[in-house]
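Presented below is the structure to which this report refers.
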Amino acid sequence: MNWLRRLFSRRKLYADLSLEMQEHLEERTAELIATGLSPDEAQSAARREFGNAALLEEHSREVWQWTTIENILRDFRFAARQLRRNPGFTLTVVLTLTLAIGANTTVFTMVNALLIRPLPYPHPERLAALTRHLAGVLPNGRPIDESDDSQDGETWELLRDNVSAVQAAAYSFDSSGVNLEADSRVRYVQDHRVSSAYFEVLGIKPFLGRIFTAEEDLPKGPNAAILSYELWQTLFAGDRNILGQAIRLKGEPYTVVGVMSPHVQTTVQADLWTPIQPWRGGEGGGDNYQIVMRLRDGATWTQVNGQLQPLHPSMFDRLLKGAKIELVARPLQEDLAEAKLKPTLILMSAVALILLIAAANLAGLMLVRVTRRTSEIATRMALGAPRSAILRQAVMEPLILCLAGATLGADLAYFSLHSFASLFPSGLIPLGGLQLDGRVLGFTFLCMVGVGLLIALFPVIATRRVSIRPTLADRSRNAGAGSGRTRQILVASEVCLTLVLLAGSGLLIRTLLYLETSPSGFDSANVLTASASLDNSRYHDPVVFQRLVHDSLSAMQQIPGVESAAMGLSLPYERGLNDGFKVLDGPKAGTEMVSSSAYVTPDYFRALRIPLVAGRSFTDDDSSSAAPVAMVNVSFARKFLGTQDVVGLHLGFGKASATIVGVIGDVKKRPGASANAPLSTEAVYYVPYTQVDKPSLKIIHVWFEPSWLVRTHAPITGLPDAMQAAMTQIDPKLPFARFHSLSDLQSLALSQQRIEVLLLTVLAGLALLISVVGIFGLVSNMVAQRRREIGIRMALGCTLKQAMVHVAGSGMAAVGIGLTAGLLLAMVALRILKSELYGVKNLDPVTLAIVSLLMLFAALLASFAPTLRIARIDPASTLRTE
Amino acid sequence: MTDQQARDLFPGALEMMILQTLKRRPLHGYALAQHIKQTSNDLLQVEEGSLYPALQRMLKAGWVKAEWGVSATNRRVRTYQLTREGRRHVERQVSSFERMLEGISRVLAPAKGKG
């Protein structure tokens, strides 16, 4: 092992080399002295003839080294030593990078899962969603270009019978809560209704048994169910004999035909699956299906769209007139991503801004370091160090810092995904979950390289500018004038980007405040709500349903402290049932529209304290045998009836009709018929629970879990148990699925807004912090660099205050430019937020003014704090050091 | 390293001259430098010091070995001596160098055949 021995004998080799070169010089000097030169002359002549001894010695040593690697290692060690010597600087930089790269990595896991990572199905490129595409100009002149993936039963049948190039499956857009009776227990589980081909289309194979047959998917086909692995394990203890047996679901026996694999990844989370049995009647009369398709072998998407084009479901004629409507196959991933895309892109833009701000800040810091080392660099160059070596060293520091930042950033992302993912509303988590995979780490690497290049660029430029003679000749003056300008530009860009982030989070905060504080229309204090699934064959009969509601409310009324008890299909802050109606008389007679609706018990409005505006409320006399009646809210009267004088008008529902007996106040609801804000006052009509017919009861309870609500005089502990006990007296097999206060429901309705506000505010705060550090750094450095100048100024009679303003001015000038540019940029960039804002415009002057003032105040503090050090400058001593 | 080679007549020339010199007798660095200077009629403006990186390269390649001793002028000197491998190498090098020189001079010489 020759090289190994050499590695250890290197010290001796180097010592020999030094000695022999030394001897060489001495021998030459002696010889020259012998020829008559003075010792001094002889020595310098010998040196001249010999060449650059230090450099030659280094080159000689290099013979024994793996030059490149060793040079890099040496630079690495040197840089690491430098960084260790400045723990404050190193910590600041690494922390900034960790936060910035960590945030980018975390958010990128969402982008990756939504758009880049293939869906977790075989050949995902052969999967598509069936969408309705509306394009053109509406009669009112509004251009339209929208896609919608809800379909009705007729469209399903047309697709099934006419498009041979795909295998298609219908499924419900969400799962529904149902009660599963096993042994003596009743469990509330999530049932997802899907077509027989659903699993086949997605390429999911069952763990046990089989998927649904075509026969089971026909209307009135046999009841069959497939269990999730998790439910099978917990409820049936993994018993294989469950196959072929019947379980009682929704009050009827369902044969278990299969068990799905563990952690099955479907478009909707579910505990079990039942056939949806799609057709043009029943729920198929409305847009209640979603359709997924797999391209058959040998077929192409062009073929599919060709076969889709001639299809013309009759609902097209009822949709917006004037626009061109067609059925289009849209890549499944694109379709699934759509709803989550906007918030994700907003977050991604925000974290990208953070990364830029951090990079600008760190570039400034690096620049200061290099400027401070100008004379050191010049000295090294004078001693023969090649520029490449100096550049290598200038790049080494940012490289180490970025490596550390990226590594820690990836750790931070991993940690936050595992700790905070549960805080995310489940609707925001993409199919397959969020993971740090190779693509995400690749992105982290790109972030690192990008930031690294940005922050190494300035030191490199500054190093290249160093020229030996002026720097060495004039050590006292720091060659930092040019870098000061660069730093001002960097600080200005930080301020600019920070302002955009601050403004964005300000607008989202104002939106949330608006949504949370605008009047709800009812009194939410001391009301507890409980929902239960009535998707059960027992309650399809109106008589049984009415008895259940009446008796359970009577029982709840008996709970001590309860003021009133009521029940309704939906609550404020919840979505209502979309139902069609026809205005039969009044100024807008003949109008056919869809509106949000709900059935309620007579005490519903009293329990929620929703004010009666006109006419009367429902009473117990509005029974199933009495004349059909309805109530409308104020928005409904204004929007659909064109008058506030509506008591006595009639609404038509198919062949039936009802008289409007009262007008009730508006309450905040989630949008149903019209896509408005996440919470808004919607037009709603109400009907008595006693006047809902059998087919309606059967359908609406598949989609909606009605709520019981009690108002108490004061908060009562143990109220949920008391409510459940009251219900169990009436029906022992009806468990409540969940209990909520009305403020819980508000939080649930605004969960996406809340998480957006939280994340964006944290990011904006981080940006502000980084910028403040940047400004502080700029001015501190200015103070240090200009000590002499300040000393002279003060010696010549300049006051302390003037000196402070003079120095802080450099920071404030950068801030001023940054603020102006930030306001201009915000005007363009904040358009991305438009669809997320309610109750506030995207160029809200109040918000922009507040955030500008905040930025300005922080900048003032950061600019003047370092100038306090000027007070400690003693003009006499600064001048003396010259 | 590139700096050295740029100053050489061509890459390896310095090494060849060193080896050729050492073939006659072992020498220490200073004597080697003086010898090369004189025999090349100062044609090669070589910095004396550039000898050392070249010598280290040859030590590493095993063409020469070095030993400390005392010179005639009573100085501590490190004397370099050609190894057997070094001798073989220089012979190979010289013959290929001569072949190359011959080739070059044939090309550069006036076309005799036609005269």
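The values are calculated or read from the model by the stated rules, or taken from the named source; none is laboratory data. What you see is a predicted model, and the numbers here were worked out from it, not measured in a lab. Cβ placement follows ideal geometry from the backbone for every residue including glycine, while neighbour counts extend to all protein chains displayed.
Points worth noting:
- Residues satisfying the stated conditions in region A:48-57, i.e. at the interface with another protein chain (Cβ under 9 Å from one of its Cβ atoms) and touching a residue at least 40 places away in the same chain (Cβ under 8 Å): A:Asn52, A:Leu55, A:Glu57
- Filtered by the rule that a residue be surrounded by fewer than 21 Cβ atoms within 10 Å (Cβ to Cβ), over 44 Å from the mean Cα position of the chain (by Cα) and of a type in the set (Val, Ile, Thr), region A:784-809 gives A:Ile792, A:Thr799.
- Of the helices (runs of 4 or more DSSP H) lying entirely inside region A:310-394, those containing at least 1 residues that are at pLDDT 85 or above are A:332-372.
- Residues located in region A:826-849, provided they are buried (at least 16 other Cβ atoms within 10 Å of the Cβ) and hydrophobic (A, V, I, L, M, F, W, C): A:Ala826, A:Ala829, A:Leu830, A:Leu833, A:Leu837, A:Val840, A:Leu848
Conditions tested, residue by residue: (1) in contact (Cβ under 8 Å) with a residue 24 or more places away in the chain; (2) in a loop (DSSP other than H, G, I, E, B).
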site: A:Arg606; (1), (2): yes, no
site: A:Ile610; (1), (2): yes, yes
site: A:Val632; (1), (2): yes, no
site: A:Ala637; (1), (2): yes, no
site: A:Gly648; (1), (2): no, yes
site: A:Gly652; (1), (2): yes, no
site: A:Thr659; (1), (2): yes, no
site: A:Gly662; (1), (2): yes, no
site: A:Lys669; (1), (2): yes, no
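- Scanning region A:101-125 for residues that are of a type outside the set (Phe, Trp, Tyr), closer than 14 Å to A:Pro430 by Cβ and not in a loop (DSSP other than H, G, I, E, B) gives A:Thr106, A:Val107, A:Thr109, A:Met110, A:Val111, A:Asn112, A:Ala113, A:Leu114, A:Leu115, A:Ile116, A:Pro124.
- So A:Ala45, is it within 14 Å of chain B (Cβ to nearest Cβ) and touching a residue at least 60 places away in the same chain (Cβ under 8 Å): no
- Test result for A:Ala182, over 29 Å from the mean Cα position of the chain (by Cα) and either more than 30 Å from A:Gly251 (Cα to Cα) or touching a residue at least 60 places away in the same chain (Cβ under 8 Å) (or both): yes
- Against the criterion of being over 26 Å from A:Leu742 (Cα atoms), among the aliphatic types (A, V, I, L, M) and either in a loop (DSSP other than H, G, I, E, B) or touching a residue at least 24 places away in the same chain (Cβ under 8 Å) (or both), A:Val594 qualifies.
- When region A:765-783 is filtered for residues that are crowded, with 21+ Cβ neighbours inside 10 Å and of a type in the set (Ser, Thr, Tyr), only A:Ser771 remains.
- Subset of region A:30-42 [away from every other protein chain (no Cβ under 11 Å) and part of a helix (DSSP H, G or I)]: A:Leu32, A:Ile33, A:Pro39, A:Asp40, A:Glu41, A:Ala42
- Verdict on B:Leu55 being part of a helix (DSSP H, G or I), in contact (Cβ under 8 Å) with a residue 24 or more places away in the chain and under 28 Å from A:Arg10 (Cβ atoms): yes
- Of residues in region A:433-469 being more than 30 Å from A:Arg373 (Cα to Cα) and without any contact (Cβ under 8 Å) to a residue 12 or more places away in the chain, the one surrounded by the most Cβ atoms within 10 Å (Cβ to Cβ): A:Gly442
- Count of region A:589-612 residues which are more than 17 Å from A:Arg575 (Cβ to Cβ) and surrounded by fewer than 17 Cβ atoms within 10 Å (Cβ to Cβ): 9
- Selection within region A:561-586 - at pLDDT below 90 and among the polar types (S, T, N, Q): A:Asn578
- Check on A:Arg369, without any contact (Cβ under 8 Å) to a residue 60 or more places away in the chain and out of contact with any Cys (no Cβ under 7 Å at 6 or more places or on another chain): no
- Test: residue in region B:67-83 that is at pLDDT 80 or above and under 12 Å from the mean Cα position of the chain (by Cα): yes
- The one condition from (1) surrounded by fewer than 17 Cβ atoms within 10 Å (Cβ to Cβ); (2) without any contact (Cβ under 8 Å) to a residue 24 or more places away in the chain that A:Ile242 does not meet is (1).
- Candidates A:Met631, A:Met556, A:Met593, filtered to the one that is hydrophobic (A, V, I, L, M, F, W, C) and at pLDDT below 95: A:Met593
- Unique residue being among the charged types (D, E, K, R) and under 32 Å from the mean Cα position of the chain (by Cα) when the list is A:Arg510, A:Arg547, A:Arg538: A:Arg510
- Scope region B:71-98; condition in contact with a Phe, Trp or Tyr (Cβ under 9 Å, 6 or more places away or on another chain), within 14 Å of another protein chain (Cβ to nearest Cβ) and outside any loop (DSSP other than H, G, I, E, B); matching residues: B:Arg76, B:Val77, B:Arg78, B:Thr79, B:Glu85
- Matching option when the condition is surrounded by fewer than 18 Cβ atoms within 10 Å (Cβ to Cβ) and not assigned by TED's automatic domain parsing to the domain that holds A:Arg606, among A:Ser657, A:Ser741: A:Ser741
- Test result for A:Arg77, within 30 Å of A:Leu399 (Cα to Cα), at pLDDT 85 or above and not aromatic (Phe, Trp, Tyr): yes
- Cβ-Cβ distances below 6 Å connect the following pairs, each with a first residue in region A:131-149 that is assigned to a loop (DSSP other than H, G, I, E, B), a second residue that is of a type outside the set (A, V, I, L, M), and a separation of six or more residues or different chains: A:Leu138/A:Gly322; A:Pro139/A:Gly322; A:Asp149/A:Thr131; A:Asp149/A:Gln290; A:Asp149/A:Asp335.
- Any hit, region A:720-734, residues being outside any helix (DSSP H, G or I) and at positive phi: no
- Search result, residues across region A:824-845 that are part of a helix (DSSP H, G or I) and either in contact (Cβ under 8 Å) with a residue 12 or more places away in the chain or basic (Lys, Arg) (or both): A:Leu825, A:Ala826, A:Met827, A:Ala829, A:Leu830, A:Arg831, A:Ile832, A:Leu833, A:Lys834, A:Ser835, A:Glu836
- If you go through region A:705-719 and keep only what is polar (S, T, N, Q) and part of a loop (DSSP other than H, G, I, E, B), you end up with just A:Thr717.
- Of everything listed in (1) more than 40 Å from the chain's Cα centre (by Cα); (2) touching a residue at least 24 places away in the same chain (Cβ under 8 Å), the single unmet condition for A:Phe581 is (1).
- Scanning region B:22-35 for residues that are more than 13 Å from chain A (Cβ to nearest Cβ) and surrounded by fewer than 19 Cβ atoms within 10 Å (Cβ to Cβ) yields B:Lys23, B:Arg24, B:Arg25, B:Pro26, B:His35.
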